[in-house]
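Participant: Before anything else, here's the structure in question.
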Amino acid sequence: DQAIRNFQAMQGTIRTYTAHTLNAFKNMATANVDKVTLEFGIKVAGEGGVPYVTKGSAECNLKITVECSFPDQD
């Protein structure tokens, strides 16, 4: 079913963004990353026609919040 394939593709996209985002904060020499929060928003819409979906659209957004602490400088 096309809808299932579309949702599987979105799931793959979310996993890819998550992996890339978390990797961007690894091994930061100047700060300790204490917490990373990712919020995803996905909106999918479609208009039906006979016998197929005749029009579709998708929107997404990503919000990243990072909490850091800085080690004491000697």
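Participant: Pick from 12, 49, 41 the residue whose mean-square fluctuation is largest in a GNM of the chain, springs joining Cα atoms under 10 Å.
Facilitator: Answer for the Gaussian network model of the chain: 49.
Participant: If the label point is 7 Å along Cα→Cβ of residue 67, which residues in region 20-51 have backbone nitrogen under 11 Å from it?
Facilitator: Residues passing the 11 Å test: 34-37.
Participant: For region 2-69, what's the relative contact order in percent, using C-alpha pairs closer than 8 Å and at least 6 residues apart?
Facilitator: 31 percent
Participant: Using only helices, what value at 222 nm comes out for the chain when you add -39,500 (n - 2.57) per DSSP H run of length 4 or more and divide by the total residues, to the nearest 500 deg cm²/dmol?
Facilitator: -11000 deg cm²/dmol
Participant: Right, here's the next one. So if we plug the beta-carbon distance of residue 4 and residue 38 into 1/(1 + (r/R0)^6) with R0 = 22 Å, what FRET efficiency do we get, rounded to 0.05?
Facilitator: 0.35
Participant: From zero outward in steps of 10 Å, how is the percent of C-alpha pairs of region 2-69 spread across the bins?
Facilitator: Bins of 10 Å from zero give 16, 37, 23, 14, 7, 2 percent of pairs.
Participant: A further question on this structure: Evaluate the distance, in nm, between pseudo-label points positioned 7 Å from the Cα of residue 52 and of residue 23 along their respective Cα→Cβ axes.
Facilitator: For the pair residue 52/residue 23, the computed spacing is 3.5 nm.
A short reminder: the numbers here are calculations on the coordinates, not readings from a lab. Just so we're clear, the structure is a prediction, and the values are computed from it rather than from any experiment. Neighbour counts are summed over all protein chains in view; Cβ atoms, including those assigned to glycine, are modelled from backbone coordinates with ideal geometry.
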